Amino acid sequence: MPLNKKIQVGVYVRNLFDKYFSTGWQQYGAMGLVHYTTPDARRTVGGFVNFSF
């Protein structure tokens, strides 16, 4: 969100409600099952400020 031509401010949230999800499954033998997660599965909150001069 540009406040003017010299300053920009923003916020972002990823996975706000902290939902767990898998991105893939792999079977190892008859009894083994492995699941993969992604960094997107973690809750992330952040912000930024850009200055131009």
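Throughout, read-outs are computed from the coordinates displayed, never taken from laboratory work. Since this is a predicted model, take the numbers as computed values, not measurements. Note: ideal-geometry Cβ built from the backbone for every residue, glycine included; neighbour counts use all protein chains shown.
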Practice task
At 7 Å along the Cα-to-beta-carbon direction for both Thr38 and Lys19, put a label point, then send me their distance in nm to one decimal.
Solution key: 1.2 nm
Practice task
Set the Förster radius R0 to 30 Å, insert the Cβ-Cβ distance between Val45 and Lys5 as r into 1/(1 + (r/R0)^6), and round the FRET efficiency to 0.05.
Solution key: 0.65
